[in-house]
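Working notes for the structure below.
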Amino acid sequence: MIALLQRLSILPRWVIIFIDFGIIVASTFLGYALRFNFEVYDIGKFNLLHGILTYSLIGVASIIVTKSYAGIVRYTGLEDGVRLLMATAINAGLAVLFNLLFYYIADRNYFPYSVVFISFFVSFLLLFFYRLLVKTIFSYYLSSSKKGYNTLIFGAGQSGLISKQVIDSDNSNKYNVVGFIEDDSNKVGKVLSGTKIYSSKKLSRLLESKDIKQLIISIKDISPARQNEIIDVCLKFGVKVRSVPPVENWVHGELSIKQIREIKIEDLLGRKIIKVDSPEVQSTLGSKIVLVTGAAGSIGSELVRQLTYLRVSKLILIDQAETPLHDLELRLKLKFPYVPLEIQLADVTDFNRLSSIFKNSKPDVVFHAAAYKHVPMMELNPSEAVLCNVCGTKNLADLSVSHGVERFVLISTDKAVNPTSIMGCSKRIAEMYVQAQTSSNKNNAGITSFITTRFGNVLGSNGSVIPRFKKQIDEGGPITVTHPEITRYFMTISEACNLVLEAAAMGYGGEVFVFDMGESVKIIDLAEKMIRLSGLEVGKDIEIKFTGLRDGEKLYEELLNDAENTIPTHHEKIMCAKLEQIEYQEINSNIDFLLKLSKEKSLDQMIALMKFIVPEYSSENKIYKNIEPSQLLSYPNKHSA
């Protein structure tokens, strides 16, 4: 029986129409029989055969018009029921009209009205329920014969039920749902769609006793902490974890088996979505001309995407990476055709090029995300770090003042706190220059508000640890970790950019806003979890190799200097750092000299000056470690050393 059902192909439509015709014939006969209490003599007073044939032919015509035969019987759903109801209602309506016309011509009814209404109800019930019966038989036998992986669904709500129905209706998948898991004790012990609901407290026992191979999380608004608990239990037993996307992400409003995807490490590190104070952000940034540097990068492109929803007047996108910038332009024109774009291929260290853009485009707001960020790379190319991160920021800040930009937002990094690397120190100098602009006499009585945002690593950004680990796992390992105790903060790109926009709206000028990054994560724990999520074993399938800290790399990252403190803002995830006031003239003259040294490639003198400008800079690179500010041959403000 099972083998026959599995081999059975979809029936031709003419067969379905023939079966439906037979059911309507039977329903009409039953209508006559019930109307006359099964009295043959009374039934014979009416032309029984002609009545049944006429009503049934009208019924077939109605079925063809409404295409109620078009659905695949084994997958019958609510929409099929609605089409059948329409077909039988049209059938009854046309029969009544035929009867009225016949009465007008022959002065008598062709068939009793009661037969019409009885046939309508009976035919609808039989047509619909025979389809449901076929569906149930297929579902029962095929599900009982599945040889796929035993699967649990976490969540016995609407999403969980739909997930099971999708799984059961797809004969090609390898899932065999053996139960639901629920935190809600009111649902535990009950049966949903023929499947028992178990308590989540018994998850470990179920995974072992039922030989579970996969668990599907199908629950709305599950907290990241709870999701992590479930996944940790599953990984302990070697069970793969998949998840169902939110309803709003279902293709055309329907869930498909292909959308049930494996859990990603980003899902575990991410936190609840932070709701931005949209009215305040909208009033500050909406209808403005906004310029974004580094627009094709991870942070820049997400900022651009979120700015499109604010209905800004125009977006000016600057990047020196040609292909990514071109790709971004194509995506934006396809998804947000209503937002005017200006694409500028430019280097932020080229003052004249930037000056031309500011003069012609007249931006109201600037988001400066362009920067060199890779610590080891900048240790090898320190002059480039200074030119891009310091000179680029200075160029944009100066042009923002001279062209009356309303707001300038610098995207900084936690590596600027107590820096141990060239990159971190260069970003701290950029922060200092932006802070000093608030008190600058050149700032036209403070017409430009300078705001700095500081946060840690973002998940999935270009060149970050997670994409690198994924690639190493795909290649069979080993995963390389610099140190067993190294930790990092993580935040999703979307969350970081939400907070950047919020900080941009709340800032008055001179603030350094620090984001709540949550708890720091041990990179070794991250690597081990990524291996297990891939269905592999640590040490057996994929090795973890320690390579030692790289030049300039910190073991632990900080968000605040020891001498700094913070004050809260109206947003619980954003704090404002209280920093020492920086004099514009001093930092400006020091930066001018620093840029001169970087262009001359006077490396030792450049490092010495960086340590003078940022006294807390303590290099972890043996090449620069022993260079001291006192080694400077000449520089402005030497009397301050």
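Read-outs: derived from the displayed coordinates by stated rules, not from any lab. Keep in mind that what you see is a predicted model, and the values were worked out from it rather than measured. Neighbour counts are summed over all protein chains in view; Cβ atoms, including those assigned to glycine, are modelled from backbone coordinates with ideal geometry.
Can you tell me the order of 389-402, 190-203, 155-168 when each peptide is scored by its average per-residue count of other Cβ atoms within 10 angstrom, highest first? Walk me through the intermediate numbers first.
Values: 389-402: 23.1, 190-203: 15.6, 155-168: 20.8.
The densest-packed peptide leads the list: 389-402, 155-168, 190-203.
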Checklist entry - Nearest 0.05, what FRET efficiency do L34 and D183 give at R0 = 51 Å with Cβ-Cβ as r? => result 0.50
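Please report the net charge: other residues with Cβ closer than 12 Å to the Cβ of D364, K and R +1, D and E -1.
Values: positive: K288, K314, K362, R407; negative: E406.
Residues close to D364 contribute a combined charge of +3.
Contour minus end-to-end for Q259 and E586, with contour as 0.36 nm per residue of separation and end-to-end as the Cα-Cα distance?
Values: separation 327, 0.36 × 327 = 117.72 nm, distance 5.73 nm.
Between Q259 and E586, full extension yields 112.0 nm more.
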Checklist entry - In straight Cα distance, which lysines are under 20 Å from K359, not counting same-chain residues fewer than 8 positions off? => result K288, K314, K394, K442
Next on the checklist: Please give me the summed charge of the neighbours of I451: other residues whose Cβ is under 13 Å from its Cβ, Lys and Arg +1, Asp and Glu -1.
Outcome noted: -2
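Give me the extension gain from N381 to Y113: residue separation times 0.36 nm, minus the current Cα-Cα distance, reported in nm with one decimal.
Values: separation 268, 0.36 × 268 = 96.48 nm, distance 9.25 nm.
Gain in length upon complete extension: 87.2 nm.
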Checklist outcome for this item: Once Lys and Arg are counted +1 and Asp and Glu -1 for all other residues with Cβ under 12 Å from that of E406, the total becomes +2
Next on the checklist: With a cut-off of 8 Å between alpha carbons and a minimum separation of six or more residues, what is the relative contact order of the stretch 83-124 in percent?
Outcome noted: 49
Checklist entry - Relative to the present Cα-Cα distance, how much length would full extension add between E519 and S223 at 0.36 nm per residue of separation? => result 105.0 nm
Checklist entry - What nm distance separates the two modelled labels at L132 and K201, each placed 7 Å from Cα along Cα→Cβ? => result 3.6
Checklist outcome for this item: Taking r as the C-beta separation of S193 and S402 and R0 as 51 Å, the FRET efficiency to the nearest 0.05 is 0.15
Checklist outcome for this item: For T323 and A26, extending 7 Å from Cα along the Cα-Cβ vector and measuring point to point gives, in nm, a value of 6.5
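Estimate the FRET efficiency between Y309 and L57 by the formula 1/(1 + (r/R0)^6), using the beta-carbon distance for r and 60 Å for R0, to the nearest 0.05.
Details: r = 57 Å, r/R0 = 0.94.
My answer for the efficiency is 0.60.
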